[in-house]
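Heads up: the structure comes next, in structure tokens.
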Amino acid sequence: MKESTIMKIHYGTALASVGLVAVHILMRLTTGFADSLSYENVLANYQSVPYVIMLELILILLAVHGFNGLRVILLELKQGRVYEKAVSYGSMVGMIVLIGYGSRTIIMTNMGMT
Amino acid sequence: MTEDEHREGIKGMANPGRYGIERIAYLLMRLTGLGLLGYFIAHVYETSNILRGRMGWDDFLAMTQTTEGHIFLALVIGMCVFHTGNGIRIMLGHGGVGVGNPARPDYPYQPASQNYRQKIGIYSSIVLAAVAMMYGMAVMFGE
Amino acid sequence: MAQVSSIADEQASTPLSSPKSIVLRISKFNPKLDESSKFMEFTVPYQKWTTVLEAILDVKKHFDHSVAVRYSCRQATCGSCGMMINGKPKLACFTKISELDSDVVTVEPMNNFPVIRDLTVGFEKLFEKHQKIQPYLIRDDSELESDEREFLQSPQEVEQYIQFANCIKCGLCNSACPTMATDSSFVGPQALAQAYRYVADSRDKGKDTRLNIIDESHGIWRCHFAGSCSQVCPKGVDPAMGIQFLRGYLLGFRS
């Protein structure tokens, strides 16, 4: 993939996640911070399909943005064909693992498998 | 990076002291980005405790809903707000917005790209981050 | 180990009626003989107008003839005398000692360039990266036919790129760049600014060629707009501005 395409994705995920993360944080202020973190309230959030979709989107957007940022920092620290390939593929693996693990939590909780 | 290229290394990348607020913003962007990535990974892991039922979730809350946890979260809020605000400034700059216009240079050769718009953007991000941290702490400690 | 020397009365180039003097610390390093660099200190008198280069040449004349320093025009035109002066890359001929506001002036070779000896560094990589971006007008009809005339440009068209054409290849921007501090493959602010110089030139038709060259993992995308290159540029080129404009083409902000 061309570097310009990767960076457009980086910028796009950043912009898209700003609003969604703001909503995610504001949800914690609706019923009082401590109450919003109670087991029942969190479980109720996970039962709401729009909220679950939002969570999944945040997960994917931030995983892509974060791991690409890490990839950029690591690429600048050291150079070499083998190292650069390891960093690029390692970032992708990290991204996929995090999305997979987070999606597991979201889907299982939404399905009531707690 | 080879020794004989006389590169500064990480010390050079992480030394913000010589080139003004824009270089400090560059360093803070990196630090907040790494910090937020670390927090995000931990957050995804910790919130998976919901799958362990009420007891698992309450154990997780007992660990995080503490004074130290709240201070840590306030720092995360600050990092998030700075990274977002400065990120928007940088994205606009990357498109050529707010970096001035080309002109025939004249002594003392002040660079137009390091203009007041960029400085306002950086300082605003820092101030907004501080305000967000204070609001966050007011919410968390106020209950 | 530092060695402090003072200029004897009869040898001083600067009249010793001037009460002001500074300690000039010069980094000495011969990669073929020394394991690491060391500083040698010299007390040098100066006037309000004395430049760092003049102080170094004073030391060379009176104390240590072996100080290796590159210089030529003495008027910030050739770009030869770039070095670290009190921790910042500057042209020695363009920096007055009185402006530094310090009793101690430390001069070292520019960062991110291989050291040849003492204050002299190698420019091969800078020239290599400069050549990579094809720093010349690219167009199919560059060979003039007998009935053709010169390519016309309006003053407004010249204003778009003339600032970036002021580059004297001194390398201060590459020395200040935080990415260059760790990334040996990065093209660098000098080459990127020159790429924009030609892309912005209305006579040039090689925009797509150059954009393809810099659109790589160690190309334009490793610039993060820290702006240090523009802070240190002695000719007002403002490489950071050129690089962001160039990136605008790749992001679709400009066409």
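Some notes on this structure:
- Which listed residue is part of a helix (DSSP H, G or I), modelled with pLDDT of 95 or more and within 11 Å of chain B (Cβ to nearest Cβ), from A:Gly90, A:Gly100: A:Gly100
- Screening the candidates B:Arg30, B:Arg52 for the property of being more than 21 Å from the chain's Cα centre (by Cα), within 8 Å of another protein chain (Cβ to nearest Cβ) and charged (D, E, K, R) yields one hit, B:Arg52.
- A:Ile73 being at the interface with chain B (Cβ under 7 Å from one of its Cβ atoms) and closer than 24 Å to B:His83 by Cβ: yes
- Residue that is nearest to the other protein chains (Cβ to nearest Cβ), among those in segment B:91-143 that are in contact (Cβ under 8 Å) with a residue 60 or more places away in the chain and of a type in the set (Gly, Ala, Ser): B:Gly136
- Hey, A:Leu61 more than 7 Å from chain B (Cβ to nearest Cβ), crowded, with 20+ Cβ neighbours inside 10 Å and modelled with pLDDT of 95 or more or not: yes
- For segment A:76-84, the criterion of being modelled with pLDDT of 90 or more, touching an Asp or Glu at 6+ places or on another chain (Cβ under 6 Å) and either assigned to a helix (DSSP H, G or I) or loosely packed, with under 15 Cβ neighbours inside 10 Å (or both) is met by at least one residue.
- Residue in segment C:31-40 that is crowded, with 20+ Cβ neighbours inside 10 Å and aromatic (Phe, Trp, Tyr) present: no
- Pair list, Cβ < 6 Å and 6+ apart or interchain, from segment C:100-117 residues that are more than 13 Å from every other protein chain (Cβ to nearest Cβ) to residues that are among the β-branched types (Val, Ile, Thr): C:Asp103/C:Ile22; C:Val104/C:Val23; C:Val105/C:Ile22; C:Val107/C:Ile26; C:Val107/C:Ile85
- When residues of segment C:149-170 are limited to those that are more than 12 Å from chain B (Cβ to nearest Cβ) and touching a helix residue (DSSP H, G or I) at 6+ places or on another chain (Cβ under 9 Å), the one nearest to C:Tyr71 (Cα to Cα): C:Cys170
- Check on C:Asp140, buried (at least 17 other Cβ atoms within 10 Å of the Cβ) and over 19 Å from C:His218 (Cα atoms): no
- Of all residue pairs spaced 6 or more apart or on separate chains, those with beta-carbon atoms under 8 Å, a first member in segment A:18-38 that is polar (S, T, N, Q) and a second member that is assigned to a loop (DSSP other than H, G, I, E, B) and modelled with pLDDT under 85 are A:Ser36/A:Thr30.
- Elements of the type helices (runs of 4 or more DSSP H) sitting completely within segment C:158-241 and holding at least 1 residues that are assigned by TED's automatic domain parsing to the domain that holds C:Asn112: there are none.
- Segment C:196-244, residues that are within 7 Å of another protein chain (Cβ to nearest Cβ) and more than 21 Å from the chain's Cα centre (by Cα): C:Asp215, C:Glu216, C:Ser217, C:Trp221
- Screening segment A:1-17 for residues that are assigned to a helix (DSSP H, G or I), away from chain B (no Cβ under 12 Å) and free of Cβ contacts under 8 Å to residues at least 40 places away in the same chain and picking the one that is farthest from C:His224 (Cα to Cα) gives A:Thr5.
- Filter result for the condition that a residue is under 17 Å from the mean Cα position of the chain (by Cα) and either buried (at least 17 other Cβ atoms within 10 Å of the Cβ) or in the same structural domain as C:Ala176 (by TED's automatic domain parsing) (or both), over C:Val44, C:Val59, C:Val121: C:Val121
- Every residue from segment A:103-114 that is part of a helix (DSSP H, G or I), in contact (Cβ under 8 Å) with a residue 12 or more places away in the chain and facing chain B (nearest Cβ under 7 Å): A:Thr109
- If you filter segment C:201-255 down to residues that are hydrophobic (A, V, I, L, M, F, W, C) and surrounded by fewer than 20 Cβ atoms within 10 Å (Cβ to Cβ), you find that the one that is modelled with the lowest pLDDT is C:Phe253.
- Qualifying positions in segment B:1-10 - assigned to a helix (DSSP H, G or I) and within 8 Å of chain C (Cβ to nearest Cβ): B:Asp4, B:Glu5, B:Ile10
The values are calculated or read from the model by the stated rules, or taken from the named source; none is laboratory data. All of these numbers come straight from a predicted model, not from anything done at the bench. Note: ideal-geometry Cβ built from the backbone for every residue, glycine included; neighbour counts use all protein chains shown.
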